[in-house]
1. Convert each backbone phi in the stretch B:266-274 into a coupling constant with the Karplus relation 6.51 cos²θ - 1.76 cosθ + 1.60 (shift: θ = phi - 60°), then list the ³J(HN,Hα) values in order as whole Hz, x for Gly and Pro.
2. Of B:246, B:181, B:213, which is farthest along the charge dipole of the stretch B:177-264 in the positive direction, counting Lys and Arg as +1 and Asp and Glu as -1 at C-beta?
3. Considering only DSSP states other than H, G, I, E and B, which trypsin sites (Lys or Arg not before Pro) in the stretch A:395-449 qualify as loop sites with at most 13 other Cβ atoms within 10 Å?
4. Quick one: check the C-alpha center-to-center distance for the stretch A:265-325 versus the stretch B:81-99, whole angstrom.
5. Could you pull out the pairs from A:281/A:559; A:59/A:226; A:75/A:166; A:136/B:194; B:276/B:565; B:305/B:571 whose alpha carbons sit more than 26 Å apart here?
6. Output the antiparallel fraction of DSSP beta bridges having both residues in the stretch B:144-223, as a percent to the nearest 5.
7. Rounded, prolate or oblate: which fits chain B, taking a ≥ b ≥ c as square roots of the Cα gyration tensor eigenvalues, rounded meaning a/c under 1.5, else prolate when a/b beats b/c?
8. Determine the per residue accessible area of the stretch B:374-418 with all protein chains present and a 1.4 angstrom probe, expressed in square angstrom.
Number of protein chains: 2
Amino acid sequence: MEDYHKPDQQTLQALKDTANRLRISSIKATTAAGSGHPTSCCSAAEIMSVLFFHTMKYKVQDPRNASNDRFVLSKRQAFTDVATGSLGQGLGAACGMAYTGKFFDRASYRVYCLLGDGELSEGSVWEAMAFAGFYKLDNLVAIFDVNRLGQSDPAPLQHHVEIYQKRCEAFGWHAIIVDGHSVEELCKAFGQAKHQPTAIIAKTFKGKGISGVEDKESWHGKPLPKNMAEQVILEIDEKIQNKKKLSPALPEEDAPVVNIRNIKMPSPPSYKVGEKWATRKAYGVALAKLGHANDRVIALDGDTKNSTFSELFKKDHPSRYIECYIAEQNMVSIAVGCATRDRTVAFASTFATFFTRAFDQIRMAAISESNINLCGSHCGVSIGEDGPSQMGLEDLSMFRAVPNATVFYPGDAVATEKAVEIAANTKGICFIRTSRPENPVIYNNNEDFHIGQAKVVLKSKDDQVTVIGAGVTLHEALSAAEQLRKEKIFIRVIDPFTIKPLDKKTILENARATKGRIITVEDHYHEGGIGEAVCAAVVGEPGITVNRLAVSHVPRSGKSAELLKMFGIDKDAIVQAVKVAVSKSRNAE
Amino acid sequence: MEDYHKPDQQTLQALKDTANRLRISSIKATTAAGSGHPTSCCSAAEIMSVLFFHTMKYKVQDPRNASNDRFVLSKRQAFTDVATGSLGQGLGAACGMAYTGKFFDRASYRVYCLLGDGELSEGSVWEAMAFAGFYKLDNLVAIFDVNRLGQSDPAPLQHHVEIYQKRCEAFGWHAIIVDGHSVEELCKAFGQAKHQPTAIIAKTFKGKGISGVEDKESWHGKPLPKNMAEQVILEIDEKIQNKKKLSPALPEEDAPVVNIRNIKMPSPPSYKVGEKWATRKAYGVALAKLGHANDRVIALDGDTKNSTFSELFKKDHPSRYIECYIAEQNMVSIAVGCATRDRTVAFASTFATFFTRAFDQIRMAAISESNINLCGSHCGVSIGEDGPSQMGLEDLSMFRAVPNATVFYPGDAVATEKAVEIAANTKGICFIRTSRPENPVIYNNNEDFHIGQAKVVLKSKDDQVTVIGAGVTLHEALSAAEQLRKEKIFIRVIDPFTIKPLDKKTILENARATKGRIITVEDHYHEGGIGEAVCAAVVGEPGITVNRLAVSHVPRSGKSAELLKMFGIDKDAIVQAVKVAVSKSRNAE
């Protein structure tokens, strides 16, 4: 039992008292509110008491202090650093905090995560278990509150704690089984330091201490009726002796002071107009550059770094790259954990469509008001041969539906570099959508970009239609304009830069200047994409029409150009749509 | 080695020949296409040869025969029953097939699933591992092709096959380590029958048989250059002896004939107009009823059956309910597997927002042209106290972006029962969005419902605004109409029934009859919801205006009515919006 000092009897009794006080307040609060989870709180009462009044080191007056030990409550409740409530996400965030503490802060704070047994069915938990085992996060302690009962039924493994132990060990953890209602066993278990992550598998009873409810089914998430609560509170109160007051130990204040505000690129972009660059590659170049501006910029990827080009960041800053392997849910949770308490500026990348794997984590990150940056490469049919499973065609819809998210869709390498710099300094979830094909640089290196500010890329007084394209379709629109010009048909071309927020003002002004005609063209499904965003922005404006070119059904594999043509979002399709728009109103005249 | 008969030397040689022929064709095909994964194919060549020409029982001429053994290729390729390519999803589908074979078909066919080692980092794999272990799916064999190399780096466990074995055993599997290039060891391993699922952990080399490429990094997903391919093909060809032709064993044809076409409710709904029912409860009632109409209707849930009311189905049909525990990704994959080859009509339910956990699985199900029905309860802020993590506010956006999906949003108990019946007979992904609050029944039991056909719930010749509501907001709209009537302001109220497809015709006709004024009100975020769908449908139509009432930011916990008011989607907000619309144009006149 290295470095374990058994607490004296008074302390143990005081920890028991604290546990029972927690029981009482959880019963009072939930009965008063007429909603809540008193039975789950009671199963964890001793665990919480020992953690907060014996094991953890923190400043009560300064709960967010960078040097404090961290605590993540993954069971159905919300806690300060990350919101939980969608089960199975807490441990991933805890892993991000522990990785940050061990490898970036190199500080002595530890991270504790309390999980329920029901949520151990979530694969995301095992992604995190594998991650912690692989990186030997010895500053991480997971506590499994095995109270046997789920919401609608017993959890699959019930009280077979030895199976949980086998699973933890197979994933590289040190696993200890304890009686979760024995403050003594808990103190002892928490006192064991190891060179690998530690799992405390606590056998507990749901509703422990509530006579008639303890270990009974169908009490999940139900407060006690008032009279019953009063009776129970009396019973529990009798056990409290109040002989000693406890206060937590103070942390070593060894977490470095960091500043992640106002991060500026060391130099402007250095591209030449006309040069061909894939925006996915420009992302890697930009992120590597940004890493030189601030040493708290980190990158994460899920075994796609040679496709997303986050490998360029790894090349320059190997110690600040986190390989998350093929586990996208966990990658997002790790980023959320790394970003807590403003310790790092995290950029996580994978194929745009594989972020659908982590939609729930992204949704919860927004609820947590987390500041993370996500880059999705390989959007749309333009990726070509790899086929529909690899094509991001719903990512704009997904990220637009995330509250306070900023959705960047840069049109060239310069815009991509600006997007990376802006994202690093923007609160909330930032998503950057990058493409596989190489397209010419169209912006000068000194071009100024802002969130919610579209660029009018092509303009003449004779323009008859406003075409809105982004990424590859912006370039298709420019090619279409060139061809149409030969036939004396002129179009205006707009690059929205950010899809959310969308620059309604610029779009409307230019649409009005082109007889109200708008054509949107996007490498994405119709639903929730650029076209719908534009429709919602301009609907009801007199004389405005919108024709939406987008991918209308599940694609197939093929050459990039073939697919753009097949799905009617290439140069020819735009030319065609423009001619129809123009002729229509000619006939109308 | 019970029931294992060692194949003769000629057979073994023929299996080796077949493996090498597979190598050659994979190299030829990918070099010709200039794209593909020849190295991954080569690591699995012997596995495929033994499976298809020694172990599996199937009719070559009738690959989709119900009695055939199933094969799921979870590594980055597509196969007949389910599309893969988004890693880590194959095993869940295989579990659904195996569960169906064992418990519903009670047939002797077996299910084989080939996984790559890279995808074993996906939590969804471990959800499926736990599921198979828990239900003792002894007709399921998973083959781990441990070729050590991922896309951008070695996989985390490299060739430590013993760790994979520990993990499999901890999850309740029988696990055997084999040399994945030894047809003899493979034949032997596949010959071992067990009373639990079996994992064959095959140590292989990526690019096996390709000199200069075998076990080398940075060859992932790259075809060989033409001249190199020719050389390699010659080398491999020399090893082929061609002494014996192999053909697979035939299956026992013991899978029952099933008919899941044209499933009709045994009786019409039996609700009374005005009675208060939550649509989530009506879902359970309807599903239980449908289960009496056809014994291939099954239900799945993720430990929320007492909230989604799928427990009512379980009560009537316990043997056809699958408890998937808290593992939503796997639940969707199980449903996909159960639905393959038209063996079952699967309805999977959880809270609407928790389907975000399975967005990637749902996306892939659409690519697989899978026919599954998903019911999401507890949509919107109207669930009340449980807080934002439990509120479905992006589910419409998510499901609308799924190709060929049908999105039902029933307004009362009768509409819900109809939605369930229609979904059971509709191809593709069907999503039914249900609500927690109880609202009055508004439709007669004989009311006829159709996909893409909206209902005009309230109508008079004096209507000045068309209000489109769904679920709880449909009832708020009706209350608003009642209040406005007292002030001699009349509104038309429309219930879309399906949000995708949307009944543009009915919406436009009624909007035109109410001075072009549309107000949409939804318990969902603005993006990708009902309002945007309506905007996209009516944009450009002269004189049509749309005012969208929806949830504009992350909500909090509170009473249902409080939250509807706080987010401006309740009766009062609608009354207010109607008055503004009316007065506006008055001023204009």
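1. Going residue by residue, I get x, 8, x, x, 10, 9, 10, 4, x Hz, with x marking Gly and Pro.
2. So the residue furthest toward the plus end is B:246.
3. A:427
4. Measuring centre to centre over Cα atoms gives 34 Å.
5. The answer is A:59/A:226; A:136/B:194; B:305/B:571.
6. 10
7. Prolate, because a/c is 1.5 or more and a/b exceeds b/c.
8. 10
The values are calculated or read from the model by the stated rules, or taken from the named source; none is laboratory data. Everything quoted here is computed from the prediction, not taken from an experiment. Note that each Cβ is placed from the backbone with ideal geometry, even for glycine, and that neighbours are counted across all protein chains shown. Just so you know, the surface numbers come from the protein's heavy atoms only, side chains and all, with ligands and any DNA or RNA stripped out. Shrake-Rupley method; radii C 1.70, N 1.55, O 1.52, S 1.80 Å.
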